[in-house]
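Reading through the structure tokens given below for one structure.
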Amino acid sequence: MNYRQAIQTAKAAGEKVVPTVCGMCGPGGPGGGCGIYAFVKDGRFVKVAGMDESPVNRGAVCAKGHAAPQWVYSPDRLTLPLRRIGKKGEGKFEKITWDDAIARIAETLQEQKSRYGSESLAMLTPAKRSYSDYIARFLVAHGSPNYGHSGICAVQRAFCFMYTIGDWPRQYSDSDLIIYWGRQPIYSGPVARPAKAFLAAKQRGAKIIAIKPSVEPDVGMADIWVPVRPGTDAALALAMLHVVVGEDLVDHDFIDRWCSGFHRLKAHVRQFTPAWAETITGVPEKQIAEVARMYATTKRAAIDLGNGVEHTPSSNDAIRAVAILMAVTGHLDRPGTNLLNTPPKHSPKPISLRDRITPEMVDKLVGPEFPKAFQPFIEGTTSAYYRILESVLTEKPYPVRTIIAPGTQALVSNRGSRNVAAALEKLDFFVVADVARTTDIPYADIVLPLATSYEVDHPFQAVPGWIMATNRVIDPVHSPKSIFDFFLDLGVAMGYGGDFWEGSMERAMDDQLEPLGLTMHDLRMKPEGMAFPPEPPIYEKYETVFNRTSPRLGGAPFLPGGKVQLYNTTFEAAGFTPLPEWREPPESITGTPELLDRYPLLLSDYHTSKNYSASWQRNVPRLREIAPHPELHIHPEAADARDIADGDWVKVASPHGWMKVKAQRYPGIRPDTVMILHGWWQGCRELGIADYPILDGGANVNIMYSVDPDKAYDPLVTAMTSQTLVQVTKMQEQEGAQ
Amino acid sequence: MSKGPMRTEWMIWFDHEKCTQCHGCEVACRTWRGLDHGVWFRRVGNVWRGGYPQVKSHSVSLGCLHCVAPGCAAVCPEEAISKRESDGRVTVDRELCTGCGACLDACPYGVPQFGPAGIMEKCDLCQDQPGQEFGPPCVATCPGDALSLRAVKIREKAAHQKSMLAWMASAGG
């Protein structure tokens, strides 16, 4: 509805309406920050409606958005700042004040800084959030490079694309053919732009190909399903290159003018035949060739490469091979193809202090997400999330002493939960800041309860084409402090007040809005925010984009000589493979056939779901009722062979651990593969569902995978494996009883 | 409204080609109507057709269809369920309902719900709700316009009922 209708609706119901930005998938996060009208009855937040005026969601709201009031009033909300008094993991705390908590954190950081150096502090980040830049800012102000990025999401694609074709061309429009590859266009933001674009493409009659191991609703709406084995996308992409190059379906004019290394690429991909790729990917060679030809010969064709390719040791190879596919077929920055980006207009002031990053900081990265030669990257200097935790155990190259985890759960959101638990136990000082109970809390030294975005009046949300002020919907139910307050308060307590607007939120907001000629007050006066109509596209910007400088210290260009790196001399010089290769995951059907007797099925996990934000929000009844139990998708053939019925509790065992979950007989999955959503641990009190164990016997898929330093990682971009081999067995009555 | 075959009735129409199974409609309905745990006026489901690798999944979002000839009303011993002549809406008088469950047995779509009070409740097209002039929340929140509030001819509604039954019958896997 629009603002006028929202006011009318509220009036008729004796309610008040507040226009604001949805806070359920992390504002500014993957969903993009949808505009909503929040309704308040007698001081209580009761419901929301989608804001027609927002160009992000145009009136729609997803399940999560509608469930927001239950999240805000959940009995799982954190209510008071706490200090640990029991043993680590025991969960014994005493109440302290917010100011006391901030003072204790500051005191510890000061002391550790003088004893061990600034780099002894690391902060873990969840997905990109509207507060991510505050994390980066705090770390630079403190002098630590250890911004802990997941190492498995988005930036891996950005990195490989940018160092291959100078840009990450995520956008496309009016394509006749779209290949959704390892991509979930719906769940990441069901009412946001990718889902809307998917629906629009479908309505327009575009041909849609979906490449992924199982059929989700988007695959149900696609024309062709390419059922690839998890973790084998690089083999598939290399075989597609073999077909396209071998059959000369390439754009020679584009290659001659804008690419370097074609002849070496041509010789290299000769070995990767579709027949070879069939053995690895499980996709019939005929289908591989067909899809490659269809893409190369359709003029207006685009590839939407998703997060699914960022979880395997040959992740960088898969991404580079896809970037190369786009380039050699000339499907770049032309109508209907993947489009190169123009720098956004109407952007607020960047606050990550990246101009203060020094070579010494890069050198001190505890576990670089990308090799040091390529630091900083677009988010600043980054260490891989898991490598930070690992350093605590190995003390190599040095042990991190304090970890601050705002809005992220190391035990379930990251690989290697067993080692993570040991690291949290050993860690000197651990701070958790969140709105609701998280699984890591028993290990925390300080727990800070945060207000949700419905309870505060900041920040502003800026997404391309739209900016809007967050407005306070209700008075804080518990803590009045937001994650933004946390950084301002801690910044001041550390003596970094000059970098943290002397603790003034108003100044923080106004400073960032300054390039737009706005203050927060001005912005708040526009209840539906400000929309900026999209600029008409400019095509074939090769000269400009291919000569862009990289964010590395020294600012060398992404592409030497301004040419697409089919053969990558930059990577070669740094000791990495100049051409994309195939590397097996630590355990796989073709890589470790000796394990198939004991572990005959391939396991991987879903990164997103329709009703939860990663490992968050299992406590919200209206979301939990949609999918109450952790369910393993298993093909009916594989289930029959194991006498498994729908809803049976099953034991899923890999060489690294085991889970107890429910089976869902799922016709839309490869019969050799089983999959489950990640992030399960939290119970839901209102529905009488208890928490699950974090380690063996629970439903946390992250205990199932290898974290072997030699096998589990992509060598260039971290990307840790989320593939292993498993056996699935029906649990006996007493074992399976809840 | 005119009588006979040209008569129109209201309903929430579902177009499965436009549904992404986001479940927004389900939760919008439950929040706006304040429904109890376990009570659903609308449910989103998945229907499988075919076998691997030609398998297809299809989406269904199902609430009360306000049937042309509602089986629920026909069997209700208390005459608590009635169909309004003027707009075809099927409503339940919760004062008269005893919660016997006969309507649930009679409904081929499994629509009737019995919350903690044990009295039947279901979708009423939100016609008496504040803001109803801007459409039911399930319809308003749909990102693909898969749901729409429509006045349709009886023949069309009967055909839609039949097609929804066919979708449900093919479910399983």
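The values are calculated or read from the model by the stated rules, or taken from the named source; none is laboratory data. Just so it is clear, the model here is predicted, and its values are computed rather than measured. Virtual Cβ from ideal backbone geometry, glycine too; neighbours counted across all protein chains shown. For the accessible areas, the whole protein counts, side chains as well, though only heavy atoms, and no ligand, DNA or RNA atoms are used. Shrake-Rupley method; radii C 1.70, N 1.55, O 1.52, S 1.80 Å.
Note on the stretch B:4-169: lysine pairs with Cα distance below 17 Å, sequence gap of 8 or more or different chains, count 5. Between A:ASN471 and A:VAL21, the built amide H atoms are under 5 Å apart, and every one of these is 5 or more places off in sequence or on another chain. Shown is the FRET efficiency for A:ALA645 and B:HIS37, computed with R0 = 35 Å from the Cβ-Cβ distance and rounded to the nearest 0.05: 0.85. In order along the stretch A:407-413, the phi-based Karplus estimate (6.51 cos²θ - 1.76 cosθ + 1.60, θ = phi - 60°) of 3J(HN,Hα) comes to x, 8, 10, 4, 6, 10, 8 Hz; Gly and Pro are listed as x.
If R0 is 35 Å, what FRET efficiency do you get for A:VAL46 and B:ARG150 from their C-beta distance, rounded to 0.05? The calculated FRET efficiency here is 0.80. Evaluate the relative contact order of chain B (contact order divided by residue number), counting alpha-carbon pairs under 8 angstrom at least 6 apart; express in whole percent. Relative contact order of chain B: 33 percent. All alpha carbon pair distances within the stretch A:593-736 were sorted into 5 Å bins beginning at 0; the resulting P(r) in whole percents reads 2, 10, 18, 22, 21, 15, 8, 3, 1, 0. Between A:GLU107 and A:HIS263, the modelled labels are 7.0 nm apart [label points 7 Å from Cα along Cα→Cβ]. Just to confirm the number: angle between the C-alpha axis of helix B:154-169 and the first principal axis of chain B, 0 to 90 degrees, nearest 10? Orientation of helix B:154-169: about 50 degrees from the principal axis. Among DSSP beta bridges lying fully in chain A, give the percent that are antiparallel, nearest 5. Counting only bridges with both partners in chain A, antiparallel ones make up about 50 percent. For the protein assembly as shown, the share of accessible area belonging to carbon and sulfur comes to 51 percent (1.4 Å probe, ligands and nucleic acids excluded). If you take the Cα centroid of the stretch A:661-707 and the Cα centroid of the stretch A:523-581, the two points sit 38 Å apart. Taking amide hydrogens as placed 1.01 Å from N in the peptide plane, the amide H of A:ALA719 sits under 5 Å from those of A:ASP714, each at least 5 positions away in sequence or on another chain. Sorted largest first, the spans of the alpha carbon positions of chain A along the three principal axes are 68, 65, 62 Å. Amide H contacts of A:ASP304 (H built 1.01 Å from N, in plane; Pro and chain starts excluded): A:ILE179, A:TYR180, A:TRP181 sit under 5 Å, all sequence-distant by 5 or more or on other chains. Calculate the FRET efficiency for A:LYS88 and A:GLU535 from the Cβ-Cβ distance with a Förster distance of 45 Å, rounded to the nearest 0.05. E(calc), rounded to 0.05, equals 0.25. Within the shell of other residues whose beta carbon sits under 13 angstrom from the beta carbon of A:LYS286, the net charge comes to -2, with Lys and Arg scored +1 and Asp and Glu -1. When the surface is traced with a 1.4 Å probe over the full set of protein chains, A:TYR385 keeps roughly 10 Å² accessible. Looking at chain A, the accessible area is 34 square angstrom per residue; that uses a 1.4 Å probe and ignores ligands, DNA and RNA.
Each of A:PRO585, A:ALA573, A:LEU559 was placed along the dipole of the stretch A:542-585 (beta-carbon charges, centred on the mean Cα), and the one lying farthest toward the positive end is A:LEU559.
Using θ = phi - 60° in the Karplus curve 6.51 cos²θ - 1.76 cosθ + 1.60, the 3J(HN,Hα) couplings for the stretch A:493-500 round to 4, 7, x, 9, x, x, 8, 10 Hz; x is entered for Gly and Pro. In summary, the aspartates and glutamates within cross-link reach of A:LYS266, defined as a Cα separation below 15 angstrom excluding same-chain residues under 8 places away, comprise A:GLU247, A:ASP248, A:ASP251, A:ASP256, A:GLU581. Note on A:SER114 and B:LEU96: the model spin-label points, each 7 Å out from Cα along the C-beta direction, lie 8.3 nm apart. Residues A:GLU119, A:GLU94, ordered by accessible area of protein heavy atoms at a 1.4 angstrom probe radius and largest first, appear as A:GLU94, A:GLU119.
Put A:LEU603, A:LEU596 in order of accessible area, highest first, and with a 1.4 Å probe you get A:LEU596, A:LEU603. Taken residue by residue and averaged, Cβ atoms of other chains lying within 10 Å of the Cβ of A:7-20 number 2. Rounded to the nearest 20, the size of the Cβ-charge dipole of the protein assembly as shown about its Cα centre is 1000 debye, with Lys and Arg at +1 and Asp and Glu at -1. Exposure check, 1.4 Å probe, all protein chains in place: A:THR279 carries approximately 80 Å² of accessible surface.
The sum of -39500 (n - 2.57) across all DSSP H runs of n ≥ 4, divided by the residue count of chain A, sets its helix-only mean residue ellipticity at 222 nm to -8000 deg cm²/dmol. The HN-Hα couplings worked out from phi for the stretch A:214-223 by the Karplus form 6.51 cos²θ - 1.76 cosθ + 1.60 (θ = phi - 60°) are 9, 8, 9, x, 5, 5, x, 9, 7, 7 Hz, whole numbers, x standing for Gly and Pro. Pairs from the list A:LYS88/A:LYS610; A:LYS64/A:LYS92; A:LYS64/A:LYS481 with a Cα-Cα gap above 30 Å: A:LYS88/A:LYS610; A:LYS64/A:LYS92. Normalised radius of gyration (Cα atoms, divided by 2.2 N^0.38 Å) for the stretch A:537-660: 1.70. Taking Cβ atoms as reference points and 14 Å as the exclusive limit, the residues near A:LYS95 contribute a net charge of +1, counting Lys and Arg as +1 and Asp and Glu as -1.
Here the Kirkwood formula puts the hydrodynamic radius of the stretch A:194-330 at 15.4 Å, using every distinct Cα pair.
Between A:ARG170 and A:GLU637, the simple spin-label model (points 7 angstrom out along Cα→Cβ) gives 3.7 nm. Each listed q (0.10, 0.14, 0.18 Å⁻¹) maps to a log10 I(q)/I(0) for chain B from the Debye sum over equal C-alpha point scatterers, namely -0.39, -0.77, -1.27.
Considering only B:HIS66, B:HIS16, B:HIS37, the Gaussian network model of chain B with Cα springs below 10 Å gives its largest mean-square fluctuation to B:HIS37. Computed from the Kirkwood radius of its Cα pairs, the Stokes-Einstein diffusion coefficient for the stretch A:361-504 at 25 °C and 0.890 mPa s stands at 143 µm²/s.
For A:LYS87, the aspartates and glutamates whose Cα falls under 15 Å of its own Cα, not counting residues fewer than eight places away in the same chain, are A:GLU425, A:ASP428, A:ASP440, A:ASP445. Computed about its Cα centre, the charge dipole of the stretch A:400-514 is approximately 660 debye, with only Lys, Arg, Asp and Glu carrying charge at their Cβ. Cα centroids of the stretch A:315-364 and the stretch B:119-173: 44 Å apart. Taking 20 Å as the cut-off, the amide N atoms of the stretch A:480-506 that come nearer than this to a point 7 Å along the Cα-to-beta-carbon line of A:THR358 belong to A:494-500.
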